[in-house]
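Following: one structure in structure tokens, then a few remarks.
Coordinate-derived values only; no laboratory data. As the structure is a prediction and not an experimental result, all values here were calculated from the model. When we count neighbours, we look across all protein chains shown, and the Cβ atoms used for this are built from the backbone with ideal geometry, even at glycine.
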Amino acid sequence: MIKKSLFAAVFFVFAAIFLYAQTQDTYALSLYNSEKYKQTISQCKAELEKNPNNLDIYTILCWSLLKNGQYREAEYWATEALKISQYDHRIIEILAEAKYFLGNNDAALAFFQQYISLVRMNASRIGDAYYYMGEIYIRKAMFNHADISLSVAVRFSPRNDNWLTRLGYAREMAKNYREAALAYTKALEINPTHQDAARGKERISKYIY
């Protein structure tokens, strides 16, 4: 009887701890979804002091830091999270974005590639990963590579006029003018006021016969 009572007591303690952690995760996520990023950051840091191994809280914290433009801090916390789980795809994608915005192109590219290797093709950030890879290739003047990455990205978000415009630009820089025209035209069909797409289409018009 004593053993059963002790087991029950231990069970309820662990259940209470689990429910508390779940409640805090949900609260932090609700703050994030409400776009209260500074509050989310404070809440997550407070929770990590109590439970420094909570990867869900690390993830929400880093998402908020990215949204708040605090890329260096997002890089720091994501790096700390990887010490707990080096193959958590959420943290790897966050670290890739942080390094992208910090201009660390090669490291960002490597992390985006790792993220893609870890997730299924219906993962929530897969399109974004290919988009950022395309932008990195544009930065590196590897325009055919950029074309490939951005072409994949727009398959996941076919009505994203900004991504289509960047695809058009990559093709334009690769002197693939007819394909560039297709991308610019599609972007303008979605958003007729997109100035970059309009200027791009005008620039390449002299090369298309």
Set Lys and Arg Cβ to +1 and Asp and Glu Cβ to -1, take the dipole of the stretch 120-209 about its Cα centre, and tell me which of 183, 121, 148 lies farthest positive.
148
Which of 95, 164, 118 ends up with the largest GNM mean-square fluctuation for the chain, with Cα atoms connected below 10 Å?
118
Let me have the 222 nm mean residue ellipticity of the chain computed from DSSP H runs of 4+ only, each contributing -39500 (n - 2.57), with the sum over all residues rounded to the nearest 500.
-25500 deg cm²/dmol
Packing-based ranking, highest mean first, of 83-94, 119-130 given that Cβ atoms within 10 Å are counted
83-94, 119-130
Let me spell out the model: positive unit charges on the Cβ of Lys and Arg, negative unit charges on the Cβ of Asp and Glu, origin at the Cα centre of the chain. What dipole size does that give, in debye rounded to 20?
280
Using Cα atoms only, what is the angle between the long axis of helix 2-33 and the major principal axis of the chain, expressed in degrees (0 to 90) to the nearest 10?
30
If one takes the longest principal axis of the Cα atoms in the chain, at what angle in degrees, from 0 to 90 and to the nearest 10, does the Cα axis of helix 143-156 lie?
60
Give me the angle, in degrees from 0 to 90, between the Cα long axis of helix 89-101 and the longest principal axis of the Cα atoms of the chain, rounded to the nearest 10.
50
Give me the one-decimal nm value for the distance between modelled label points at residue 73 and residue 86, 7 Å along each residue's Cα-to-Cβ direction.
2.8
